[in-house]
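See below for the structure under consideration.
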Amino acid sequence: MLRADSRKAGRDRVFGRETLFVPFNHAAPGRGRSGLKPATIRDVAERAHVSVASVSRVLNGAGPVTEATRQRVLEAVEALQYVPHSGARSLSTSKTSAVGVILPDLYGEFFSELIRGMDLAARAHGYHLIVSSSHDDADEASSAIRSMRGRVDGLIVLSPHLGAANLASGLAGRMPVLLMNGGVPADGRPSIVVDNHGGAVAAVEHLIATGRRRIAHIAGPAGNLEAEARLAGYVQAMAAAGLPTMVVDGAFTKVSGEEAGAKLAARTDRPDAVFAANDNMAVGALLAFQDAGLRVPEDVAMVGFDDIPLAGLVRPALTTLKIEIAEMGRNALERLVRLIGSAVDTACEVVRPELVVRASSNPLISPSGASGAAPTDVQKMSL
């Protein structure tokens, strides 16, 4: 197999040898000879002394070619640094062997794990990924979806923002599309959603069970369906327990978690527990509390959401709502492959998070001196 220079080809080897990361508003990057225009299929044919049709057969794996012809073509491709254009290839074969993934952001362990699962499944089915970001912006999401048309056989769109699901439906046309992390699509499009509301309720009920009563919530960004569902679950659980709410805005980033944690630590009515809408913010808040001289969990208990790898590495280890992120990505890709194969799929699959109890939410010590689970204990409770 030819191995292209990842810097010139725009390839990222972290998630898989065939995972491409492309700007949302640009065509796939070409690989021309240094200082010259990108090589074309005709350039390859001339250098290999074969016809354009022979080059096409070698690159697409279609039709008979001799081993000598194949080697000459591959050597010419390597020498000219030629990268076939997936859109042009699709015109002749009706298949690009690529699937597109549009994320709201490329930052963070959640998306790394998600893409890892997708890439493993894609390679198993002979596909490579083209990954782009909408940067949490509706206009850029529109451009990202349009940029994929003709370049991929199917599309996975993470649509946690209001209206993003309809946007994906309208712009993708007849292309198979799977939606993730949004609401339940009204038009019956195949989708995967997390039970964010139920997970938030479980987080609050767990903190109440440990003896906490002043429970704050660090919310995710406004307009984000997942953040709003987690906020709603928090509010419902607090109301059911007859407890007042305390909400600080965040942005699903560690920095916003640190800022929120600093605000909560400075309050005269400081909370004795915090449920953050994702692990990034929970880790940021945990650091802010420690900087303020507060002990976790003795002074403030912490619960996050997602169970990114970092959650089990911080000290104290973070209690969180676990989502099998890589498995969810693998499942999404498997479903998309079936859609590409003309399977009928209108199901909305709901992923139930699992409460993983770690040291950051150990029970308060009772007046008798008894305490709950030891700091090293890890308990798992399904919703």
query: Residue by residue, what Karplus-based ³J(HN,Hα) values in Hz, rounded to whole numbers, does the stretch 38-44 have, using 6.51, -1.76 and 1.60 with θ = phi - 60° and x for Gly and Pro?
result: x, 5, 10, 5, 5, 4, 4
- request: With r as the distance between the Cβ atoms of R149 and R42 and R0 = 35 Å, compute the FRET efficiency 1/(1 + (r/R0)^6) and round to 0.05.
  value: 0.85
- prompt: Under 5 Å between amide H atoms, partner at least 5 residues away or on a different chain: which partners does H161 have, H built in plane at 1.01 Å?
  reply: L225
field: For F275, F289, F305, order by how many other beta-carbon atoms lie within 10 Å, fewest first
entry: F289, F305, F275
task: Go through the stretch 196-212 residue by residue and turn each phi into a ³J(HN,Hα) via Karplus (6.51, -1.76, 1.60, θ = phi - 60°); whole Hz please, and just put x for glycine and proline.
output: 5, 4, x, x, 5, 4, 4, 4, 5, 4, 5, 5, 4, 5, 7, x, 7
field: Amide hydrogen neighbours beyond the local backbone of A301, cut-off 5 Å, H modeled
entry: A273, V274
- prompt: Once amide H atoms are placed 1.01 Å from N in the peptide plane, what residues at a sequence separation of 5 or more from G100, or on another chain, have their amide H within under 5 Å of its amide H?
  reply: I130, D153, G154, L155, I156
task: Along Cα→Cβ, 7 Å out, is where each label goes; now give me the distance between the ones at E109 and E78 in nm to one decimal.
output: 4.0
query: Which ordering of T253, T319 is given by a fewest-first count of other beta-carbon atoms within 10 Å?
result: T253, T319
- prompt: What is the spin-label model distance, in nm, from K263 to T66 if the labels are put 7 Å beyond Cα along the C-beta direction?
  reply: 7.4
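Each value in this text was obtained by applying a stated rule to the coordinates, not by laboratory testing. Predicted model, so just to flag it, every value in this text is computed and none were measured. Neighbour counts run over all protein chains shown; Cβ positions are idealised from the backbone, glycine included.
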